[in-house]
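Peer 1: My structure is below; once you've seen it, I'll send some questions.
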Amino acid sequence: MSQWNPTARLSYWAFHANRRPSYMRFAYLQLGSDAAAEDAVDATFDSIMNEWLRMLHMDRLDAYAWTILKQRLVDRQQRRGTLPEPMDISAFEAALKEAHADQYEVLTDTIRFYSAVSRLAERQRDTVLLRYGLQCSPGEAASVMGVDEATVRSQLGQAHRRLARMLDTSAES
């Protein structure tokens, strides 16, 4: 990095500052611990730094960086011997917040929902996790993933339809 021109250096650090918070939140959802998330995100930015000068000439720099993050998450999950599944504590939080509802029912419904989300296609799962797990707007999710907002909206629509089918089917069984 010391041999980079000032513009390349500044652009890398701006990208780092802009993306790191979102990457950390997403990595935490996937890995379930701050230490594992930080390890994966640090490895992601190390890889991005090594490729940065080449990445500056890419049309979809954000999409390439997202791909690197996803690979580092898979690397960490494989190292730990776990399958790529989103970590979720919100099921328990929802059960605690719903004092007027049957807490067991809220908990089982939330677990059923997250189980269905884990069976979505990877892109759909990512958009659902960013949109609803991290409360990103479709525009923010698109920016983080390096895709068009229309792509995120399309993936969310497909995910909604598939989740409705899966949850309707699982409710009958």
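Peer 1: In nm, to one decimal, how far is the Gln3 label point from the Asp42 one, both placed 7 Å along Cα→Cβ?
Peer 2: With each label placed 7 Å out from Cα toward Cβ, I get 2.5 nm.
Peer 1: Could you work out how far the C-alpha centroid of segment 1-64 sits from that of segment 102-145, in angstrom?
Peer 2: So the separation of the two Cα centres works out to 23 Å.
Bear in mind these aren't lab numbers, they're just calculated from the coordinates by the rules spelled out. These figures come from a predicted structure and were not determined experimentally. Counting neighbours? That spans all protein chains shown, and the Cβs are built from the backbone with ideal geometry, glycine included.
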